[in-house]
Ligand code: NDP
């Protein structure tokens, strides 16, 4: 039996890009996958296509900025499958802009989705995992969690925060059977750049996108971390395009 089979995995931000590719990879590997995001139609289409292949996929509409919605997804997983093996805190947005543009509403949204969203995933999952005595958080950061690039001060700040939270969580749950993984992609094909409203930042992203990784490359990295035996905790994976 492959290690991924029979695992129950919740993925946030699964309606496109990396989350969608991860849902495909895990579901095809035999996991019970619960896919969450705001766009229900996209989730349902993904679930239908995977179910047609015989995969186990359930849809749960979700806004990660609302703790109660994240808690509802975890409850759904427990009610349906009796356990949660992993939560992939992947949902994120990236409306890049220079600080001087004062796009304060966009800063706030990045903080809400990219930081609070991950914290809500932890808040919803940690009590359950502690009770089970096992579980795993896979938090998706970015290479922007290691260095700041032009127009990305706030986005990178949110990803530095995800890295710090992930490291702190790993220290705190040591000895409790809970694994904690940080996955940091370089530029990857997805819908992420569509959240950029700033002209200069959009142009810059077009340049980077010429070397973008397929989302399936990140999905395989996430799957690698989840499919390891219980005694193996993959701490950190950084995936960049070959240049
Ligand atoms: P996409 O834009 O394709 O996917 C983002 C996902 O997040 C969508 O499914 C979106 O779904 C979801 N999402 C956004 N806001 C919310 C919310 N409030 N509640 C629930 N879901 C939400 O981009 P990626 O696949 O690239 O992004 C996935 C992660 O990877 C992000 O954390 C991103 O920062 C990170 N990343 C991406 C890189 C890249 O180059 N693509 C590089 C490094 C990191 P919906 O709108 O339906 O809610």
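Answer yes or no as to whether residue 14 is within 11 Å of the ligand (Cβ to nearest atom), buried (at least 22 other Cβ atoms within 10 Å of the Cβ) and closer than 20 Å to residue 185 by Cβ. Judged against the criteria, residue 14 is a match. If you filter the range 88-100 down to residues that are surrounded by 16 or more Cβ atoms within 10 Å (Cβ to Cβ) and within 13 Å of residue 198 (Cα to Cα), you find that the one that is farthest from the ligand (Cβ to nearest atom) is 97.
Taking the range 18-36 as the range and being touching a strand residue (DSSP E or B) at 6+ places or on another chain (Cβ under 7 Å) and within 18 Å of residue 63 (Cα to Cα) as the test, the residues that pass are 18, 19, 23, 33, 34, 35, 36. Is at least one residue of the range 143-155 more than 12 Å from the ligand (Cβ to nearest atom) and in contact with a strand residue (DSSP E or B) (Cβ under 7 Å, 6 or more places away or on another chain)? Among the residues of the range 143-155, not one is more than 12 Å from the ligand (Cβ to nearest atom) and in contact with a strand residue (DSSP E or B) (Cβ under 7 Å, 6 or more places away or on another chain), which makes the answer no. Scanning the range 192-204 for residues that are buried (at least 16 other Cβ atoms within 10 Å of the Cβ) and over 17 Å from residue 99 (Cα atoms), which turns out nearest to the ligand (Cβ to nearest atom)? Within the range 192-204, the match that is nearest to the ligand (Cβ to nearest atom) is 192.
If you go through the range 123-138 one residue at a time, do you hit one that is closer than 24 Å to residue 187 by Cα and within 12 Å of the ligand (Cβ to nearest atom)? Taking every residue of the range 123-138 in turn, at least one turns out to be closer than 24 Å to residue 187 by Cα and within 12 Å of the ligand (Cβ to nearest atom). Of all residues being in contact with a helix residue (DSSP H, G or I) (Cβ under 6 Å, 6 or more places away or on another chain) and within 20 Å of residue 80 (Cβ to Cβ) in the range 47-63, which is surrounded by the most Cβ atoms within 10 Å (Cβ to Cβ)? Just the residue, please. Among those that are in contact with a helix residue (DSSP H, G or I) (Cβ under 6 Å, 6 or more places away or on another chain) and within 20 Å of residue 80 (Cβ to Cβ), it is 62.
Screening the range 41-50 for residues that are in contact with a strand residue (DSSP E or B) (Cβ under 8 Å, 6 or more places away or on another chain) and in contact (Cβ under 8 Å) with a residue 24 or more places away in the chain and picking the one that is farthest from the ligand (Cβ to nearest atom) gives 50. The set of residues in the range 166-187 that are surrounded by fewer than 22 Cβ atoms within 10 Å (Cβ to Cβ) and near the ligand (Cβ under 7 Å from one of its atoms) comprises 186, 187. Only one entry in 24, 116, 38 is touching a residue at least 12 places away in the same chain (Cβ under 8 Å) and surrounded by fewer than 16 Cβ atoms within 10 Å (Cβ to Cβ), namely 38. Return a yes/no flag: does the range 51-65 have any residue that is under 21 Å from residue 191 (Cβ atoms), in contact with a strand residue (DSSP E or B) (Cβ under 8 Å, 6 or more places away or on another chain) and within 8 Å of the ligand (Cβ to nearest atom). Taking every residue of the range 51-65 in turn, at least one turns out to be under 21 Å from residue 191 (Cβ atoms), in contact with a strand residue (DSSP E or B) (Cβ under 8 Å, 6 or more places away or on another chain) and within 8 Å of the ligand (Cβ to nearest atom).
The numbers here are math on the coordinates, done by the rules we state, and not lab data. Everything quoted here is computed from the prediction, not taken from an experiment. Using ideal geometry, Cβ is built from the backbone for each residue, glycine included, and neighbour counts are taken over all protein chains shown.
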